[in-house]
Structures are given as structure tokens and as C-alpha cells.
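**Q** Next up is a structure, given as C-alpha cells.
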Amino acid sequence: METPKLQRYLDSFASTVVKQSKINMANSKDALNKKRGNTAIGNSIRSEVVKEANGYSIKFYMLDYGEFLDKGVSGNKVPRTYTDYKLQIKSSPYSYTNRQPPPDILSRWIKKKGIKPKGLGRGRDKDTGRYISNLAFYIGKKIKMRGIPSISFFSKPIGVNYAKLKEELLTDFTEDVKTYLTTFYRP
């Protein structure tokens, strides 16, 4: 039995989740209410509806780091939570224990963002980047302690739209079955 409505609903569901995830990522804010949207992650979010032997599957893709922002990372002093696709609050499955983020990655981020620290680097040779490596070390230490808060930019849209999808699919599937049976078993 061909199910064109099912294919359309799944495509629509996937597109809506991707669109809302991108909007949530672009509008996300950190603990200081400063916009922290990550365009690289936002631009990487995409979906694919695949017809398989036993039905359909929806696959979502994004940069690996997106999962850490979606679910957060607990620090060794501050636990973090996130909202899962069932819209329930869960503890983050990720945590910093005895290691902190690598300073070289944080140094690249500091340079990319153009952050100029006050106090650190005064009287230092800025061409060597020592003030950036010091700042990267201090930021890494703070991230290790406090973790990374969850944005749930992806999990929430899946949960909200999945609830709607279930209701709409049940109604339309019932109509498709009635149409199929009426066409197949014409009295």
C-alpha cells in the first residue's frame, strides 16, 4: 500500500524540526544572556527521510559538538540537565571529571571571537599569544568546574513536533486505510 501522506508528514516533520533547531541555535544565549548562537552548528543541521523495507526512518545530522550544546556537559562542581525529546528533564550524559577543555581549542576560539582580556596580557608581548594561552587556561578551568549549560535547541523541537505528528498521523492513517479498503473492496 502506497502511503503518500505518510511520506509528506515525515518530510514536513523533519523540515520543521530542522528549521526550529536552527532558529533555537541562532537565538541561544549563555548564562550572561549574551547571544551565543553557533552558525557552524546551525548550518550543519539537516534531515533525511529514508524509505526502508519495513517503513520509513528519519535521520538528523549536525556537527558532533552540537550534541554537547544540546544536552550540556556537567562540570566537576555543577551538574547540568537538559530537556529530552519526551520533554522530560534529564541529567546530562556528558561530564568533565579530571580533564578540562584543551587550551589550544580555546585559544583558537578566543582569537576567532576577538576577545581582548582585561588585566591578562598587560605588559606582555601580544605577538607571542601568551595572554591568549593564559586566558584559554582560565576559561578551560572554569568550564571544567561549571560545565556547559544545555540549550536543548534540538531535543525540544523533536519533542514538541513529535507529539503533533502522532496525532496527525493517526487521523490521516485512518483515512488512508478507509480509502484503501473502500477502493479495494468495492461492494
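**Q** Can you give me the long-range amide H partners of Tyr94? Hydrogens built in the peptide plane at 1.01 Å from N, cutoff under 5 Å, separation of 5 or more residues or another chain.
**A** So Tyr94 has HN proximity to Ser74.
**Q** Please list, in order along segment 138-146, the HN-Hα scalar couplings obtained from phi with the Karplus expression 6.51 cos²θ - 1.76 cosθ + 1.60 (θ = phi - 60°), rounded to whole Hz, x for Gly and Pro.
**A** 5, 5, x, 5, 5, 4, 4, 6, 9
**Q** Quote to one decimal, in nm, the extra length available between Ala40 and Val78 on full extension: 0.36 nm per residue of separation minus the C-alpha distance between them. Numbers along the way, then the final one.
**A** Working: separation 38, 0.36 × 38 = 13.68 nm, distance 2.71 nm.
Answer, rounded to one decimal: 11.0 nm.
Only the coordinates and a few stated rules stand behind these numbers; no lab work does. These numbers were taken from a predicted model, which means no experiment stands behind them.
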